[in-house]
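S.K.: Before I ask anything, here is the structure I am working with.
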């Protein structure tokens, strides 16, 4: 062992940071002392990554540092919030300096891009478990919620779906495009910030499109029809997944519908705001695509381009389910 | 396995709660939506408990639930903050219903007493690790800090010290008074709320008096003299620890100075406010006692009632130190 808890915090986690004016005191006291700007609501979320459950055991430390923050920023994005602060709890079997260096690099490089300041943390010894809590701001009363969709609203997703799931299935190595989607998901913070006032409801896709869209719809007892061929797939996905086959579950259909870990946003938009949303999000690298429509009847119906129904085999990741994958 | 992640959250963690007006949306969306009252600063802290490191493996689920929240409320107390919200990340090897029931009972029973609302969480599968983040409010600019002590300020502690350490050493069973101090520490929230405007600096004692007082003093490059016989010890401690012996490390001296897990507050008070502090804290069950004085010269000197110096053997718990205990 090379250092005490205090030295670890000192060495790896008190590096040059954004120095936000809303942080009165960050790391170094019993608690962080923070000031939410006037007129803003506070948005807070917490997510935990466990080695071997949320990422393969051989995942790089940089990827773990990135992903632990990214999954939380993705939750903030789904609320339309601007990220501000994070706290980090790191449980480690040992404190190998090179691992910590890489972890901090992955964490802070994403934090800097979103002006997120690390304001507190805890390092403990034990099996590798990483918990991050993120905080953000949204103008009072303007947060996006899971609730709020109406029948007739169009359903959109950002980016592409299925990449992370395919990387896992193919056991892609760190260098591949698909694997980088699994290891370094890009939280759609910029997209989320453009949606309040236009979208009626939103959620991020961590457990799979059908599962997460299902949560959104259940909040209002609604259903949807999804055009499964319209779900956006990346070039890398199309090159590796193989084509869809009529009447059979295939990667081409299953992964974009049911695999988790993509961290795209799924949101609903009333007809009169669809053009504005498409115009705004076209300015972002991720863009967005309409993939279906909200219906009054509960349940999600999947439909192929040829008009046939598609019956999905899986429906998202459940940590405690009998046959959970991941 | 008996339930999915969503069912666990539903069943055990969405029970009747305080229903605070500053919680716009709690559990059930991508993130919690919260409103800090006008004129208040936000205080936030995060702490993780690992089985076998922060509590003995056979600790009851109720105690773990209590303690995971208590250690965070203790940090809020050390800032003089009023607790408001908590988030919980629970990593579990399985989801035994009776364990979860007891854990939730321990957690919520403490939460209710302090009007803390659970506003978010994450349950994951893996080795038993519990992370809680707590949030509280303090009038803007009035938080207690580690910084701020002055030479001549008196040093106080609440309650009694050494009980939790003695329970560990003696391997006390769950029924004993000492063991209940280890398993169910009482965060000194009420004491913390009385201190802003009177105390010059504060910290909570989680790693041992000398270690934590050391952090407080280091923040201003100061030192202290501690009257080791004045450090408050409980009746249960005195009955089990045995007397101090001249020239030898003994439980009577070592545990109150160096053992962790007591979660009392240690704070410094300028001479002109000492009477007011003693008067106010006398109304609380924990009370407080003056145990020393801040000095300009760095370092902590321990002095016995007979005027002799006492040289402590240990100096607090360090998670990553070679010979850390706990």
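The values are calculated or read from the model by the stated rules, or taken from the named source; none is laboratory data. Note that the coordinates shown come from a computational prediction; the quantities given were computed from them, not determined experimentally. When we count neighbours, we look across all protein chains shown, and the Cβ atoms used for this are built from the backbone with ideal geometry, even at glycine.
S.K.: Restricting the search to segment B:20-69, which residues are free of Cβ contacts under 8 Å to residues at least 24 places away in the same chain, more than 29 Å from residue A:205 (Cα to Cα) and outside any loop (DSSP other than H, G, I, E, B)?
M.R.: Matches in segment B:20-69: none.
S.K.: If you take the residues in segment A:39-72 that are at the interface with another protein chain (Cβ under 8 Å from one of its Cβ atoms) and more than 20 Å from residue B:48 (Cβ to Cβ), which one is surrounded by the most Cβ atoms within 10 Å (Cβ to Cβ)?
M.R.: Checking each candidate, the answer is A:43.
S.K.: While we're looking at this one, here's another question. Taking the conditions exactly as written (assigned to a loop (DSSP other than H, G, I, E, B), more than 7 Å from chain B (Cβ to nearest Cβ) and at positive phi), does residue A:142 satisfy them or not? Show your work before the answer.
M.R.: On the way: assigned to a loop (DSSP other than H, G, I, E, B): yes; more than 7 Å from chain B (Cβ to nearest Cβ): yes; at positive phi: no.
Taking the combined requirement at face value, the residue does not satisfy it.
S.K.: Please go through segment A:192-207 and give me each residue that is within 11 Å of chain B (Cβ to nearest Cβ) and not in a strand (DSSP E or B), ordered by number.
M.R.: A:192, A:206, A:207
S.K.: Quick one: in segment A:120-133, of everything that is more than 8 Å from chain B (Cβ to nearest Cβ) and part of a strand (DSSP E or B), which residue is nearest to residue A:64 (Cα to Cα)? Please lay out each step first, then the result.
M.R.: Within segment A:120-133, the first condition is being more than 8 Å from chain B (Cβ to nearest Cβ), and the residues that meet it are A:128, A:130, A:132.
Filter once more, so that each one left must be part of a strand (DSSP E or B): A:130, A:132.
Values: A:130: 8, A:132: 11 Å.
The extreme case among them is A:130.
S.K.: Related question: Quick check on segment A:76-94. Is at least one of its residues over 29 Å from residue A:140 (Cα atoms) and outside any strand (DSSP E or B)?
M.R.: Yes, some residue in segment A:76-94 is over 29 Å from residue A:140 (Cα atoms) and outside any strand (DSSP E or B).
S.K.: What is the number of the single condition among (1) more than 11 Å from every other protein chain (Cβ to nearest Cβ); (2) buried (at least 21 other Cβ atoms within 10 Å of the Cβ); (3) within 18 Å of the chain's Cα centre (by Cα) that residue B:115 does not meet?
M.R.: (2)
S.K.: If residue B:133 satisfies every condition in (1) under 29 Å from residue B:17 (Cα atoms); (2) touching a strand residue (DSSP E or B) at 6+ places or on another chain (Cβ under 9 Å); (3) surrounded by fewer than 22 Cβ atoms within 10 Å (Cβ to Cβ); (4) at pLDDT 95 or above but one, which is the exception?
M.R.: Answer for residue B:133: the failing condition is (3).
S.K.: Of B:229, B:221, B:235, which residue is surrounded by fewer than 23 Cβ atoms within 10 Å (Cβ to Cβ), more than 14 Å from chain A (Cβ to nearest Cβ), free of Cβ contacts under 8 Å to residues at least 12 places away in the same chain and more than 23 Å from residue B:62 (Cβ to Cβ)?
M.R.: On inspection, the qualifying residue turns out to be B:235.
S.K.: For segment A:73-105, give me each residue that is more than 20 Å from residue A:45 (Cα to Cα) and either in contact (Cβ under 8 Å) with a residue 60 or more places away in the chain or within 12 Å of chain B (Cβ to nearest Cβ) (or both). First the steps, then the outcome.
M.R.: Quick first cut of segment A:73-105, residues more than 20 Å from residue A:45 (Cα to Cα) only: A:92-105.
Those that are more than 20 Å from residue A:45 (Cα to Cα) and either in contact (Cβ under 8 Å) with a residue 60 or more places away in the chain or within 12 Å of chain B (Cβ to nearest Cβ) (or both): A:92, A:93, A:94, A:95, A:96, A:97, A:100, A:101, A:103, A:104.
S.K.: All but one of (1) assigned to a loop (DSSP other than H, G, I, E, B); (2) under 24 Å from residue B:206 (Cβ atoms); (3) modelled with pLDDT of 95 or more hold for residue B:312, so report the exception by its number.
M.R.: (3)
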